[in-house]
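Heads up, the thing below is written out as structure tokens.
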Amino acid sequence: MKNINSNILSIAPMMDRTDLHFRNLMRLISKNTLLYTEMINVNTIIHDQNKRFMIEDDCQNPIALQIGCSDPILAQKAAKIFSKEKFQEININCGCPSNKVVNGNFGACLMKEPKKVGKMITAIREETDIPITIKTRIGLDNFDTDNFLEEFISELYTRNVKTVIIHARIAILSGLSPHENRTIPPLNYDRVKRIKKKFNEMDIIINGGVKNLLEAKWHLNSFDGSMIGRAAWDNPWMFSEADELFYNDKNNISRSSIINKYLKHANKYISMGHSQRRLVRPLFNLFYGIQGSKVWKQQLNEVANNKISINSIYDLASQLDEITEAAA
Ligand SMILES: Cc1cc2nc3c(=O)[nH]c(=O)nc-3n(C[C@H](O)[C@H](O)[C@H](O)COP(=O)(O)O)c2cc1C
């Protein structure tokens, strides 16, 4: 039997969402779920004075850094820098279809250049022994066959990559926006199942359309892990059951207890100049599906617009917890 690792459940990299603050919230809700950073371009890592890729003390592992790159030399330069951080994994984005990424010749279009990806892997490995993983799609544009995906995965296998995350849709590089690329191409889990059968020694993580933890768990019948993206943003509290369901590690928490801890993080960053708006953003959906969610969002809007202090939200969270408990 395989050792259980945090990869069995992960929250997907999402630009403009899975920033430090969202990750911090999610780490308070689940101790074990693997969290990905949003994609960070290697040029940013090389030149960024703010070091926004760094692991903060209070945002604990397991965290995976997702990088965007297409040049082995730049990848190696960046690796010199990020190798000093305590990331559990370095993930190379080979699945993003946005124009910006395609113009930079990375993301999904790297599927057509497996050798280049192989060279980047080797270049990064010269600087660090943090495991390298790949996030990709099942194909792109007219390359929508098992063979095409197999060729790509085969190169990764040869380079001794142990884990690949596969978003079970093709990417369409011309004509569809990133948003459409997450909805229009149909999900094809069967192709990913065939890849798993063929490359059985690799850990294949399924991604795309997983809506809740039960579905994520069900996918473990066929795959080595499930990655959830949008549903984690839409309903972060569902991860309060993740530690018990996936890691056999019961987590007794309430939303208000999480808010209490999150406020410490928020106040620290507000004193460093981050806006209240940025700090409350990850909290909007915390009461998803609960009576009172609308009032919660109204209050967060007031915080975002600096009409009231962020500290005021704790009392409302406690009240909503009480109402929820009474209704249960
Ligand atoms: C707002 C947003 C931003 C995203 N940014 C990234 C990114 O930076 N890197 C990446 O590999 N995928 C990115 N994705 C794709 C997700 O990681 C994931 O593959 C996709 O949403 C499918 O999973 P889901 O159906 O669980 O949402 C993004 C998705 C969303 C919704």
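In contact with a strand residue (DSSP E or B) (Cβ under 9 Å, 6 or more places away or on another chain), farther than 15 Å from residue 25 by Cβ and either at pLDDT 95 or above or open to solvent by 40 Å² or more (accessible area, probe 1.4 Å) (or both): does that describe residue 245? Spelling it out, residue 245 is indeed in contact with a strand residue (DSSP E or B) (Cβ under 9 Å, 6 or more places away or on another chain), farther than 15 Å from residue 25 by Cβ and either at pLDDT 95 or above or open to solvent by 40 Å² or more (accessible area, probe 1.4 Å) (or both).
Please go through region 295-323 and give me each residue that is within 27 Å of the chain's Cα centre (by Cα) and of a type in the set (Lys, Arg), ordered by number. Residue satisfying the conditions is 297 alone.
Among the residues of region 131-141, those that are within 18 Å of residue 204 (Cα to Cα) and among the aliphatic types (A, V, I, L, M) comprise 132, 134, 138.
Scanning region 175-234 for residues that are small (Gly, Ala, Ser) and either over 25 Å from residue 100 (Cα atoms) or surrounded by 14 or more Cβ atoms within 10 Å (Cβ to Cβ) (or both) returns 208, 209, 216, 222, 225, 226, 229, 231, 232. Within this structure, residue 61 fails the test of being modelled with pLDDT of 90 or more and surrounded by fewer than 20 Cβ atoms within 10 Å (Cβ to Cβ).
Restricting attention to region 224-251, the residues that are free of Cβ contacts under 8 Å to residues at least 24 places away in the same chain and assigned to a helix (DSSP H, G or I) add up to 2. The numbered conditions (1) outside any loop (DSSP other than H, G, I, E, B); (2) farther than 23 Å from residue 16 by Cβ are all true for residue 279 except (2). For region 140-158, the count of residues that are in contact with a Leu (Cβ under 7 Å, 6 or more places away or on another chain), within 12 Å of the ligand (Cβ to nearest atom) and open to solvent by less than 50 Å² (accessible area, probe 1.4 Å) is zero.
The residues of region 148-179 that are modelled with pLDDT under 95 and either more than 24 Å from the chain's Cα centre (by Cα) or aromatic (Phe, Trp, Tyr) (or both), listed by number, are 174, 175. The residues listed here are 317, 304; of these, the one that is in contact (Cβ under 8 Å) with a residue 12 or more places away in the chain, open to solvent by less than 20 Å² (accessible area, probe 1.4 Å) and farther than 16 Å from residue 258 by Cβ is 304.
Would a scan of region 103-113 turn up a residue that is within 14 Å of the ligand (Cβ to nearest atom) and surrounded by fewer than 23 Cβ atoms within 10 Å (Cβ to Cβ)? So far as region 103-113 goes, yes, one or more of its residues are within 14 Å of the ligand (Cβ to nearest atom) and surrounded by fewer than 23 Cβ atoms within 10 Å (Cβ to Cβ). Return the residue satisfying two criteria in turn: it lies in region 67-82 and is in a loop (DSSP other than H, G, I, E, B) and open to solvent by less than 40 Å² (accessible area, probe 1.4 Å), and of such residues it is nearest to the ligand (Cβ to nearest atom). Per the stated criteria, the residue is 69. On inspection, residue 88 does not qualify as crowded, with 17+ Cβ neighbours inside 10 Å and at pLDDT 95 or above.
The values are calculated or read from the model by the stated rules, or taken from the named source; none is laboratory data. Predicted model only: the values in this text are computed from it and were never measured. Backbone-built Cβ (ideal geometry, glycine too); neighbour counts: all protein chains shown. Just the protein is used for accessible areas: all its heavy atoms, side chains included, with ligands, DNA and RNA removed. Shrake-Rupley method; radii C 1.70, N 1.55, O 1.52, S 1.80 Å.
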